[in-house]
């Protein structure tokens with residue numbers, strides 16, 4: 001059984017209307033104990049609950065905002081904003097050239113949390129005035145905090161509470177950071193299928209590279225940076241839940257999408273590899289994207305360049 005992240009269990013929303021649902025502390029503890037994680041069960045046992053055993057939603061919100069604020073340091077230290085723009089700028093160049101039409105275009109961050117990626121792009125004006133920046137999350141408290149931060153910083157972007165694939169206005173490009181490992185089993189392929197079924201032209205999702213060193217690196221960073229035991233626990237578990245390069249490309253290989261991996265595990269130094277993106281484009285966009293990337297396009301590989309499953313995982317032919 002895959003280890004569970006506490007943050008995935010202590011909040012719940014109605015998938016239809018996005019309303020907050022009650023979460024019973026005892027039920028979360030039971031799930032964690034059944035997964036063999038007594039330490040996590042102990043962390044949840046210390047969270048406040050009412051007389052009926054329902055976790056205090058306000059306390060949970062404060063805790064998750066605090067943890068996500070600390071997680072923003074990781075995004076800053078790993079230069080997530082710069083790494084996103086490194087791919088998004090040529091991606092939008094390819095979309096503009098292929099469409100032959102002026103914008104506006106729309107970038108939608110799925111599971112945006114506190115909106116660091118969107119706010120960073122907005123503050124740098126890195127993608128141009130014709131790209132609208134939107135962050136979406138099912139957690140109303142995180143979206144509310146992201147919106148307040150953007151307003152305080154005077155940024156031209158917006159944040160929405162809801163389902164990123166059910167917005168009134170369609171996305172041109174979907175992005176995410178640190179979201180893919182939350183999807184297990186068929187849910188991962190369904191995530192990509194939802195984007196293929198939309199009018200979107202492309203996606204670019206950064207997530208943890210499944211290297212042997214990832215859990216060790218996560219433990220070191222979160223021990224040094226995170227104050228609350230929940231943040232320390234979930235940081236390591238997220239690395240343990242990371243999908244392999246092969247699993248990501250298989251899941252992203254859906255009709256209408258050309259899946260590509262940038263800097264796959266076998267082509268990078270494991271001491272330097274932390275997060276790497278899986279990119280999906282409409283087939284007609286691959287050639288213009290590679291032209292826009294220039295020499296860096298050599299670091300963009302498709303499923304055909306990964307070895308068969310019987311060979312060492314992640315190695316390149």
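The values are calculated or read from the model by the stated rules, or taken from the named source; none is laboratory data. Computed from a predicted model, the values in this text were never measured in an experiment. Cβ sites come from the backbone with ideal geometry, for glycine too, and all protein chains shown count toward neighbours.
For residue 112, which of the numbered conditions (1) part of a loop (DSSP other than H, G, I, E, B); (2) more than 22 Å from residue 194 (Cα to Cα); (3) at pLDDT 95 or above fails to hold?
Result: residue 112 passes all but (2).
For the stretch 8-39, which residues satisfy the criterion of being within 20 Å of residue 183 (Cβ to Cβ) and part of a helix (DSSP H, G or I)?
Answer for the stretch 8-39, where residues must be within 20 Å of residue 183 (Cβ to Cβ) and part of a helix (DSSP H, G or I): 8, 9, 28, 31, 32.
Looking at the structure I just gave you, is residue 187 assigned to a helix (DSSP H, G or I), under 21 Å from residue 61 (Cα atoms) and modelled with pLDDT of 95 or more? Working first, answer last.
Values: assigned to a helix (DSSP H, G or I): yes; under 21 Å from residue 61 (Cα atoms): no; modelled with pLDDT of 95 or more: yes.
When the stated conditions are applied, residue 187 does not pass them.
What do you reckon, is residue 135 within 15 Å of residue 69 (Cα to Cα) and within 18 Å of the chain's Cα centre (by Cα)?
Working: within 15 Å of residue 69 (Cα to Cα): no; within 18 Å of the chain's Cα centre (by Cα): yes.
Judged against the criteria, residue 135 is not a match.
Suppose we filter the stretch 162-181 for residues that are at pLDDT 95 or above and farther than 23 Å from residue 251 by Cβ; how many remain?
0
Residues of the stretch 91-109 being surrounded by fewer than 19 Cβ atoms within 10 Å (Cβ to Cβ) and assigned to a helix (DSSP H, G or I), which ones?
Once the filter is applied, which keeps residues that are surrounded by fewer than 19 Cβ atoms within 10 Å (Cβ to Cβ) and assigned to a helix (DSSP H, G or I), the stretch 91-109 yields 93, 96, 97, 98, 99.
Could you check the stretch 289-299 and list, in sequence order, the residues that are touching a strand residue (DSSP E or B) at 6+ places or on another chain (Cβ under 9 Å) and within 15 Å of residue 89 (Cα to Cα)?
289, 290, 293, 296
For the stretch 52-90, what are the residues that are within 17 Å of the chain's Cα centre (by Cα) and not in a helix (DSSP H, G or I)?
Hits for the stretch 52-90 are 78, 79.
So is residue 171 crowded, with 18+ Cβ neighbours inside 10 Å, under 18 Å from residue 281 (Cα atoms) and assigned by TED's automatic domain parsing to the domain that holds residue 76 or not?
In short, yes.
Filter the helices (runs of 4 or more DSSP H) completely within the stretch 207-317 down to those with at least 2 residues that are on the phi < 0 side of the Ramachandran plot, in contact with a helix residue (DSSP H, G or I) (Cβ under 9 Å, 6 or more places away or on another chain) and modelled with pLDDT of 85 or more.
Counting at least 2 such residues, we get 229-240, 245-252, 286-293.
Please enumerate the residues belonging to the stretch 120-146 that are closer than 24 Å to residue 8 by Cα and touching a residue at least 24 places away in the same chain (Cβ under 8 Å).
Matches in the stretch 120-146: 134, 135, 136, 137, 138, 139, 140, 141, 142, 143, 145, 146.
In the stretch 147-172, what count of residues is obtained for those that are in contact (Cβ under 8 Å) with a residue 60 or more places away in the chain and on the phi > 0 side of the Ramachandran plot?
Going through the stretch 147-172 one residue at a time, the tally reaches 1.
So which of 98, 102, 40, 49 ends up being more than 25 Å from the chain's Cα centre (by Cα) and not assigned by TED's automatic domain parsing to the domain that holds residue 150?
Being more than 25 Å from the chain's Cα centre (by Cα) and not assigned by TED's automatic domain parsing to the domain that holds residue 150 holds for just one of 98, 102, 40, 49, which is 49.
Per-residue answers, yes or no, for (1) more than 30 Å from residue 3 (Cβ to Cβ); (2) in contact with a helix residue (DSSP H, G or I) (Cβ under 9 Å, 6 or more places away or on another chain); (3) surrounded by 24 or more Cβ atoms within 10 Å (Cβ to Cβ):
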{"residue": "113", "(1), (2), (3)": "no, yes, yes"}
{"residue": "138", "(1), (2), (3)": "no, no, no"}
{"residue": "156", "(1), (2), (3)": "yes, yes, no"}
{"residue": "167", "(1), (2), (3)": "yes, no, no"}
{"residue": "178", "(1), (2), (3)": "no, yes, no"}
{"residue": "182", "(1), (2), (3)": "no, yes, no"}
{"residue": "198", "(1), (2), (3)": "yes, no, no"}
{"residue": "204", "(1), (2), (3)": "no, yes, no"}
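Would you mention how many residues in the stretch 128-155 are part of a loop (DSSP other than H, G, I, E, B) and either in contact with a strand residue (DSSP E or B) (Cβ under 7 Å, 6 or more places away or on another chain) or not assigned by TED's automatic domain parsing to the domain that holds residue 117 (or both)?
2
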